[in-house]
Ligand SMILES: Nc1ncnc2c1ncn2[C@@H]1O[C@H](COP(=O)(O)OP(=O)(O)OP(=O)(O)O)[C@@H](O)[C@H]1O
Ligand SMILES: [Mg+2]
């Protein structure tokens, strides 16, 4: 393919570095991290705790400014939150005084737009929450709340979905269910997804490519292509190739103690 016809990546991270300066000192969280993500890819990022994964994702969302380097979405620098980018966090972050429907409609209210009720209805149906629109968060299980937060993120029809350990707080059964659901939704919608997780089996199950980060400051340490055909049933996790990939990725993760923050 010539340079002129080469496909522009959906998302580009170029030499991203981030320092946090706080009254207690400076932390070097991210160090010249680069990645290219093509439209419709499912990318997982793994790495030791505190290595800068959330910092990277928040920067992709335009919620954190980088110290140097840049992030491009469709070739345009990401410097602030955009309607093209939605995020799902570990906690569902539902407002307790609002019903499920009203929680899902919140991003529209913030933007002073009419809620996309048809789309929301279809998504609620899709994740098995039809009929629960009037319930309050306290009346829903953790898995149901997290499904609702996925509906909330997708309801604005973003082109990039960022997920920061979205299933980390769920029990193993619910997590398996959610992994199947997110794979199905991704196959149907072909959104571009960047998904952070502590679970290497989860990363191998979901991803087209797994990026491994080093201990802080987070650098790109290794990239693994996951060549397992889709759709991937849960049973694939017992297949020898799956188990080998998990072991290979585990072996590539550094387990050194994280560096201390520099003195002020
Ligand atoms: N707002 C902030 N102000 C100051 N330091 C921060 C801030 N956010 C993160 N850090 C520091 O930056 C480093 C990377 O944090 P980050 O949350 O990105 O790591 P992580 O890989 O997501 O960790 P975990 O796997 O535990 O969620 C940590 O040392 C953390 O203390
Ligand atoms: Mg994090």
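Working from the alpha-carbon coordinates of region 3-66, get Rg over Rh, Rh being the Kirkwood radius.
Dividing the radius of gyration by the Kirkwood radius yields 1.05.
The value obtained for the chain, namely the Cα convex hull volume divided by the number of residues, is 154 Å³ per residue. In terms of the mean number of neighbouring beta-carbon atoms within 10 Å, the peptides 222-232, 156-166 order highest first as 156-166, 222-232. Mean residue ellipticity, 222 nm, helices only, the chain: the sum of -39500 (n - 2.57) across DSSP H runs of n ≥ 4, divided by residue count and rounded to 500, is -9500 deg cm²/dmol.
Among DSSP beta bridges lying fully in the chain, give the percent that are antiparallel, nearest 5.
55
Under the Kirkwood approximation applied to all pairs of distinct alpha-carbon atoms, what is the hydrodynamic radius of region 97-235 in Å? For region 97-235, inverting the mean 1/r across all distinct Cα pairs yields 16.3 Å.
Can you bin region 1-110 into rounded, prolate or oblate? Criterion: square roots of the alpha carbon gyration tensor eigenvalues sorted a ≥ b ≥ c, rounded for a/c under 1.5, prolate for a/b above b/c, oblate for the rest. Note, shape of region 1-110 comes out oblate. Only Cα pairs under 8 Å and 6+ residues apart enter the sum, and on that basis the relative contact order of the chain stands at 27 percent. Note on residue 244 and residue 141: the model spin-label points, each 7 Å out from Cα along the C-beta direction, lie 3.6 nm apart. The tail of the calculated P(r) for region 92-156 beyond 20 Å holds 14 percent of all Cα-Cα pairs.
No value in this document is a laboratory result; all are computed from the given coordinates. Note that the coordinates shown come from a computational prediction; the quantities given were computed from them, not determined experimentally. A quick note on method: Cβ atoms are made from the backbone with ideal geometry, for glycine too, and the neighbour counts reach across all protein chains shown.
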